[in-house]
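Undergrad: Got a structure for you, questions after.
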Amino acid sequence: MANKAVPKKTGNTVAAAAKKAVETTGKAAKAAAAKAAAGAVKPEPEQKIQKDPHIFSDLDQYLFGQATHYELYKKMGAHTAVVNGEPGTWFTVWAPNAVAVYVIGEFNCWNEKANPMKKIADMGIFEIFVPGAEVGQMYKYLIIARDGRKLYKADPYAFWAEKRPGTASRIADISYKWGDVAWLKNREKFTPKMSALSIYEVHPGSWMKHPYSEENPEGFYNYREFAKRIVEYVKDMGYTHVELMGIAEHPLDASWGYQVTGYYAPTSRYGTPQDFKYLVDYLHKNRIGVILDWVPAHFPKDEQGLAEFDGDAVYEHADPRQGEHPDWGTKIFNYGRPEVKNFLLANALYWVEEYHIDGLRVDAVASMLYLDYGRKDGEWIPNKYGGNQNLEAIEFFKHLNSLVTGRNHGVMMIAEESTAWPKVTGSVEDDGLGFTFKWNMGWMHDFLEYMQLDPYFRKFNHNKMTFAMTYAFSENYILVLSHDEVVHLKRSMISKMPGEDEEKFENLKAGYTYMFGHPGKKLLFMGQDIGQYREWSEEREIDWFLLRDKKNEHLQAYVRDLLMMYKKYKALYANDSGYEGFSWINANDADRSIFSFIRWSPTGRDNLVFIMSFTPVAHPDFVFGVPEKKTLKLILDSCNVKYGGDHSVPDTYKALEGECDNQPYHIAYDLPPFGAAVFKF
């Protein structure tokens, strides 16, 4: 938005009268201001404001300085109120180095001198009550820096923002009548590590679009429209949760929401904060959980944002060796400053407690943990012990995770952490970071490297598929095939597969079967379950037209059945944290590129056997070992007619005596090229 500054009047008497007039309230204020501008009114006495709960108290200042003001968002930012019988809005901002701060907006015609804010504490809190300022109006803070610069800043704690390319904040009413009481009650009993968790990662702006129109050139579904369509799809497919990308306000579409300027504002691209609450509410009422991408690692340098907020380093370190990210061109939060830490802690709680979010996926954790992340020698400052660990970030994570999960049982904290940092999901009491889950990036890289190989070379890389089991229980993992793997010339999942078109789909079905059988929760990015050929772009919707092709339709049907099977059988999720839930049948059949294992149920019933072949060779006489003399039931066959194959085999198989794969019994099965099969016993 353009900042509209009202031209200054000349003359000391007129200026003084105008200044005094805008400090009065109500209709009288507007009349007085108009007369003052004409030089025809005497200053009126300053009005005393009654005590109001929005005033930033001594206790608020103490808690803020200790990083323990966990509901800070109820004081900072813009909050409508009635003072001395006059409706208006309280504005409160932290600008510790500012010489002066003014609030400017539609309520005062962007007059830069109309509403000077009062500094109430040495820590740099400025506040003001502006009569007549109402919900929906845009505003900014005009900050006078120590060097005299004028900075026009959006409100760091704003609940709503002007739609990009505008950069103002908006006064918001975020009250909402929730209908998800049953969901929240059940969430209190939810134990994530022992529950089914299959996540559909979604970018709302490019999942599905309306046809072009002048009123909506981007084709965005608003939050309420998106709610209806996403629930319909997710329920049909069988996912348990959606993970929403790009919800916190961000100026650049191409950042996908990972360069945030409005940490407390759901993006206005798709509607209002209340519309976003409706989306979460609607998902919950349909028994679908909601995970939000959250970005405490860095923030952009956009002039309206947090960077040099009051002319000096406030939210970031002043030294670029600590305060700037060389690879991303962004600023890094100062996790050792209590007020900055409080900003982030309260923000995490805000999304969970105000918007009923069920989990936060914390972006770029590794970049926070290592002081030398993305830096060369001489470009970083060691910690006090001489090491590269960011001690302040470590303490922040422990505080964050203890706080969020301690106050909200059943809520998940998920780390995107790409290194071997120990105890990411370990308890804080045991010197862990306290996350609920960690993305298994090692599994993902090995899996994708293997799946892209020509089948002939897979036998030489067999360990890429088995290696993850050597550390599978060192953390609580989520197996992810995220948006990052289908962009920047990495190719889509189906395009990564070797062979002709038909073989690509057979490969991918076998690969997905391996993924769903492997210990760890699951995440797929949108488009991966229908076999999209093109890489993902935030500028266009998923290629839904592909579902007119039988190959894509069959892949979607297969993924749907994998998801339904995953939710149905406890063997696939209740024993994810130890070898009591997993055992190899044969991990070493490299020459044939066949993998076989058992997933054990904690009940002792409905255990599952997985068999997968990753070559185009048929094995009509394939034999595998089983531990018990039981009848196995075939519950999934990737080459079945319903998935586009022509495989017709019996539904049941009796185990026969005779050692195989170091097991006392065995079963013979006709294993087709790239075949995947799941049996129950």
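Undergrad: Sort out the exposed loop trypsin sites (Lys or Arg not before Pro) in the chain (DSSP loop, at most 12 other Cβ within 10 Å) and tell me the longest stretch that has none.
TA: 190-375
Undergrad: Taking the convex hull of the Cα atoms, report for region 47-170 its projected area averaged over all directions, in nm².
TA: Spelled out: convex hull of the Cα atoms, projected over all directions, averaged, 7.9 nm².
Undergrad: Given the convex hull of the Cα atoms of region 121-186, what is a quarter of its surface area in nm²?
TA: 8.2
Undergrad: Along Cα→Cβ, 7 Å out, is where each label goes; now give me the distance between the ones at K185 and L391 in nm to one decimal.
TA: 4.8
Undergrad: Give me the Debye-computed log₁₀ of I(q)/I(0) at q = 0.10, 0.12, 0.15 Å⁻¹ for region 307-415, equal point scatterers on Cα only, no solvent, two decimals.
TA: Rounded to two decimals, the profile gives -0.32, -0.45, -0.69.
Undergrad: Once you have the Cα-Cα distance between Y579 and A100, take 0.36 nm times their residue separation minus that, and quote the gain in nm to one decimal.
TA: Computed gain between Y579 and A100 is 166.2 nm.
Undergrad: A 20 angstrom limit on the alpha carbon distance is what I want to check against. Which of K568/K633; K398/K522; K228/K277; K193/K630; K459/K680 exceed it?
TA: Listed pairs above 20 Å: K398/K522; K193/K630; K459/K680.
Undergrad: Here is a follow-up. How large is log10 I(q)/I(0) at q = 0.05, 0.12 Å⁻¹ when the Debye formula is applied to the Cα atoms of the chain, each weighted equally and without solvent?
TA: For the chain, the Cα-only Debye profile gives -0.29, -1.27.
Undergrad: Normalised by the residues of region 408-506, what does the relative contact order come to in percent, with Cα pairs under 8 Å and at least six apart?
TA: 24
Undergrad: Take the alpha-carbon positions of region 108-247, form their convex hull, and give its projected area averaged over all directions (one quarter of the hull surface) in nm².
TA: 14.2
Undergrad: Net charge within 15 Å of R592 by Cβ-Cβ distance, Lys/Arg positive one each and Asp/Glu negative one each, not counting R592 itself?
TA: In short, -3.
Undergrad: In Å, the Kirkwood hydrodynamic radius of region 553-638 over pairs of distinct alpha carbons?
TA: That comes to 14.4 Å for region 553-638.
Undergrad: Assuming 0.36 nm per residue, please report the length gained on full extension of the stretch L59 to Q452 beyond their Cα-Cα distance.
TA: 135.6 nm
Undergrad: How much length would be gained if the chain were fully extended between H409 and E303, taking 0.36 nm per residue of separation minus their Cα-Cα distance, in nm to one decimal?
TA: Taking H409 through E303 to full extension adds about 34.3 nm, to one decimal.
Undergrad: How far apart, in nm, are two points set 7 Å out from the Cα along the Cα-to-Cβ line at E71 and at V617?
TA: Once both label points are built, they end up 6.7 nm from each other.
Undergrad: Within region 222-261, find all residues whose amide N lies under 20 Å from a label point positioned 7 Å from the Cα of S213 along Cα-to-beta-carbon.
TA: 222-230
Undergrad: When only Cα pairs under 8 Å and 6 or more residues apart are kept, what is the percent relative contact order across region 47-170?
TA: 22
Undergrad: Then there's this: log₁₀ I(q)/I(0) of region 411-514 at q = 0.12, 0.13, 0.17 Å⁻¹, via Debye over equal Cα point scatterers, no solvent, to two decimals?
TA: For region 411-514 at q = 0.12, 0.13, 0.17 Å⁻¹, log10 I(q)/I(0) is -0.48, -0.55, -0.84.
Undergrad: Between D52 and S418, how high is the FRET efficiency from 1/(1 + (r/R0)^6) when r is the Cβ-Cβ distance and R₀ = 41 Å? Nearest 0.05.
TA: Calculated transfer efficiency: 0.30.
Undergrad: Two-decimal Rg/Rh of region 579-680 from alpha-carbon positions, Kirkwood Rh?
TA: The Rg/Rh ratio comes out at 0.94.
Undergrad: Additional query: Hey, what did the chain get for relative contact order, percent, Cα under 8 Å, at least 6 apart?
TA: It rounds to 9 percent for the chain.
Undergrad: Right, next: Please state the shape class of region 484-530: rounded when a/c is under 1.5, otherwise prolate if a/b exceeds b/c and oblate if not, all from the C-alpha gyration tensor.
TA: oblate
Undergrad: Compute the separation of the alpha-carbon centres of region 128-148 and region 159-214 and state it in Å as a whole number.
TA: Result: 28 Å between the Cα centres.
Since every read-out is calculated from the coordinates, none of them should be taken as a lab result. What you see is a predicted model; the values in this text were computed from it and never measured. Note that we place each Cβ from the backbone using ideal geometry, even for glycine, and neighbour counts take in every protein chain shown.
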